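The values are calculated or read from the model by the stated rules, or taken from the named source; none is laboratory data. Treat the numbers as computed from the prediction; the structure is a model and nothing was measured. Every residue, glycine as well, gets a Cβ built from its backbone with ideal geometry; the counts of neighbours run over all protein chains shown.
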Amino acid sequence: MNEEFPNLKMAPVIPRSFPEWEEVMNTWGYQMLTAITTVTEMLEAGFDLPHATFSQRMKFAPHILAPTGRYICNSDMPDEHIHQGPI
């Protein structure tokens, strides 16, 4: 465990009423990560950078997906999102 960022290794929360949650979310997350990796490879080609300049840095980086919704009736402010990772 990384002592500097212990929250990166928290156990997932799986709703009891949705037993297939882990499989569904892992599949969805994998598809999103694959799409983002493809986009970074296209950026590398577009900027004439060596292959894997961006995509290799994502390989072992933490990829955290979390719900970012909020109850919008309480605020006129837009949702705030915090993205972690190399991009």
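Reported count of residues in the stretch 7-25, each being loosely packed, with under 10 Cβ neighbours inside 10 Å, among the aliphatic types (A, V, I, L, M) and modelled with pLDDT of 80 or more, is 1. The set of residues in the stretch 10-60 being aliphatic (A, V, I, L, M) and more than 18 Å from the chain's Cα centre (by Cα) consists of 42, 43, 45, 49, 52.
Return yes when residue 53 is in a helix (DSSP H, G or I) and at pLDDT 85 or above and no when it is not. Here the answer is no, as residue 53 does not meet what is asked. Checking every residue in the stretch 72-80 against the condition of being more than 18 Å from the chain's Cα centre (by Cα) and at pLDDT 85 or above gives zero matches. Residue pairs whose Cβ atoms lie under 6 Å apart, sitting 6 or more positions apart in sequence or on different chains, and linking a residue in the stretch 5-26 that is over 26 Å from residue 61 (Cα atoms) and polar (S, T, N, Q) to a partner that is modelled with pLDDT of 90 or more and outside any loop (DSSP other than H, G, I, E, B), do not occur here.
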